[in-house]
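Written out below as structure tokens is the structure these notes cover.
The values are calculated or read from the model by the stated rules, or taken from the named source; none is laboratory data. The model shown is predicted, which means the values in this text are computed figures rather than measured ones. Heads up, the Cβs are rebuilt from the backbone with ideal geometry, glycines too, and the neighbour counts pull from every protein chain shown.
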Amino acid sequence: MDHSKAPVLEALEAYHAERQTSFTPPGHKQGRGADPRVRAVLGDAVFLSDVLAVNGLDDRTSSHGVLAEAQALMADAVDAEHTFFSTCGSSLSVKAAMLSVAGPHETLLVGRDAHKAVVAGLILSGVCPVWVDPQWDADLHLAHPPASESFDAAFREHPEAKGALVTSPTPYGTCSDLAAVSAICHEHGKPLIADEAWGAHLPFHPDLPAWGMDAGADVCVTSVHKMGSGLEQSSVFHLQGDLIDPHVLSAREDLLGTTSPSSLIYAALDGWRRQMVEHGRSLYDDALSLVSDVRSRIATIDGMHVHDRADFCGPGRAADMDPLQVIVDITGLSISGYSAADWIREHHRVNLHLSDHRRISAQFSHGDDEQSADRLLAAFEDLARHAEELRPAPEIHVPDPAGLRLEQVMLPRDAFFGRTEQVPWRRAVGRVSAEMLTPYPPGVPAALPGERLSKEVLDYLRSGIDAGMVVPDAVDGEVQSVRVAVQD
């Protein structure tokens, strides 16, 4: 296929050149109706390119096939058989993938380190999850994707399961052995969904971890806005093989997706694909070289340890890691990652990717350069010099793996939509959660609807919040009280 083409961008260019006049949405009418104060901030180009996909970029019947051609080019770029664009982020894409594999009251194997969007999919669909435990590093207090053997054991115990879902890479950059997990799924005749929200860049350089389509996954969900050049909310999901009907996947996306997709998002997706096919290898040559230098320089800062494959990969841990996720352990500074991230933003106007009780991280991409790297390093060096001001690190009660693992006693949907009450957090011990309680980022629920709450997990959340953790999806963001199911 001709990857010099960008069908959406070319259609948008033609729309401007033809000086079409629209009597359709959007109501700002190419920006003419937008408040000048808004245009002064956003720019006129945003409004000029915010046009309908149908009866705008394309005609009423989509006879020019603009979107279809752009999706076919994206599929060809990554060796997928089918690709679908989403303008509602991978939070929607992963739900569509799940619903194409399992329906209400059917069973799906899911890694317990799944993002809250996956749990939302379970709540909406009524799918029954069988949780597959991650590989837990007790020394680092970090979860890596589940081992392939764990999925095999789960399929043998639950042969009725319709398929499996694994998150890889995680927000910490650690990766599953997707080829092994895919092989296990296919041995049982079941499809694998790879939630690769953090892996849109992986197909475009051989020194990055293997990505799902190459490893045999049936559906791969990627957030192009996370590691690519897409606008926020841009996502694609790719399909291969014959275990999932592409028409079913398309229908599930149509069920959940917006009827008013953003041409801005489509255009950026289209342009990113062209950029990656034409220049991805050289762009990531530069990015990997830059991040290697950054890692070496951070390692010279007292009190900071940069995690690498030796820390995260090996038996009982991850299969690989994305070097562009720079994860820095700062326990040597005796401060928390929460306070460190806040201090760096306040004093250096540098926003970090995620932070936890002992780590901070910086996400690099092909968009970084020496200037952004130097600014990050200056902030880290200054943090080390001022660490004493942030001591002592608040104590956070992080349970061991057994203490973190809660018992699922109700379907997530039943607990979420059933009768509920709000109780003080200490009285919630032993009760069934009716809400997600999710330290964010990275967005993996510590407790989810249908799980029986334990003192260990509630102590962890309460002590974490006191130390700076954010739990944005809780009814009570301070977790002084918890929403629980009313059980007869």
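For the range 33-51, residues that are hydrophobic (A, V, I, L, M, F, W, C), under 17 Å from ILE265 (Cβ atoms) and buried (at least 18 other Cβ atoms within 10 Å of the Cβ) total 2.
Matching residues to (1) surrounded by 13 or more Cβ atoms within 10 Å (Cβ to Cβ); (2) over 29 Å from LEU92 (Cα atoms); (3) not small (Gly, Ala, Ser):
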site: HIS238; (1), (2), (3): yes, no, yes
site: ALA251; (1), (2), (3): yes, no, no
site: PRO261; (1), (2), (3): yes, no, yes
site: SER282; (1), (2), (3): no, yes, no
site: ARG295; (1), (2), (3): yes, yes, yes
site: PHE312; (1), (2), (3): yes, yes, yes
site: ASP320; (1), (2), (3): yes, no, yes
site: ILE330; (1), (2), (3): yes, yes, yes
site: ARG349; (1), (2), (3): no, yes, yes
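Among the residues of the range 166-219, those that are polar (S, T, N, Q), in contact with a helix residue (DSSP H, G or I) (Cβ under 7 Å, 6 or more places away or on another chain) and closer than 16 Å to PRO134 by Cβ comprise SER168, THR174.
On the given criteria, is HIS16 over 18 Å from SER262 (Cα atoms) and surrounded by 11 or more Cβ atoms within 10 Å (Cβ to Cβ)? No; evaluated as a whole, the condition is false for this residue.
Screening ASP195, ASP218, ASP214 for residues that are in the same structural domain as SER86 (by TED's automatic domain parsing) and surrounded by fewer than 20 Cβ atoms within 10 Å (Cβ to Cβ) leaves exactly one candidate, ASP214. Of the residues making up the range 57-102, those that are assigned to a loop (DSSP other than H, G, I, E, B) and either surrounded by fewer than 19 Cβ atoms within 10 Å (Cβ to Cβ) or of a type in the set (Lys, Arg) (or both) are ASP59, ARG60, THR61, SER62, SER63, HIS64, GLY65, ASP79, GLU81. Would you point out the residue of the range 348-398, among those that are polar (S, T, N, Q) and part of a helix (DSSP H, G or I), that is farthest from GLY228 (Cα to Cα)? The residue in question is GLN371. Tell me whether the range 405-420 contains one or more residues that are under 30 Å from PRO209 (Cβ atoms) and of a type in the set (Lys, Arg). Checked the range 405-420: at least one residue is under 30 Å from PRO209 (Cβ atoms) and of a type in the set (Lys, Arg). Is there a residue in the range 19-42 that is touching a residue at least 24 places away in the same chain (Cβ under 8 Å), in a loop (DSSP other than H, G, I, E, B) and under 28 Å from the mean Cα position of the chain (by Cα)? No, the range 19-42 has no match at all.
With a requirement of 1 or more residues that are among the acidic types (Asp, Glu), the helices (runs of 4 or more DSSP H) lying completely within the range 115-221 that satisfy it span 148-157, 178-187, 212-215. Residue pairs whose Cβ atoms lie under 8 Å apart, separated by 6 or more positions or on different chains, with the first residue in the range 450-463 and part of a helix (DSSP H, G or I) and the second among the charged types (D, E, K, R), are LEU458/ARG426; SER463/GLU395. Counting the residues of the range 478-488 that are surrounded by fewer than 19 Cβ atoms within 10 Å (Cβ to Cβ), touching a helix residue (DSSP H, G or I) at 6+ places or on another chain (Cβ under 8 Å) and part of a loop (DSSP other than H, G, I, E, B) gives 2. Could you tell me which residue of the range 155-184 is nearest to CYS313 (Cα to Cα), considering only residues that are hydroxyl-bearing (Ser, Thr, Tyr) and touching a residue at least 60 places away in the same chain (Cβ under 8 Å)? If we take residues in the range 155-184 being hydroxyl-bearing (Ser, Thr, Tyr) and touching a residue at least 60 places away in the same chain (Cβ under 8 Å), then THR174 is nearest to CYS313 (Cα to Cα).
Can you tell me which residues in the range 111-131 are under 19 Å from TYR172 (Cα atoms) and touching a Ser or Thr at 6+ places or on another chain (Cβ under 9 Å)? If the condition is that a residue be under 19 Å from TYR172 (Cα atoms) and touching a Ser or Thr at 6+ places or on another chain (Cβ under 9 Å), then GLY111, ASP113, ALA114, HIS115, LYS116, ALA117, VAL118 are the ones that fit.
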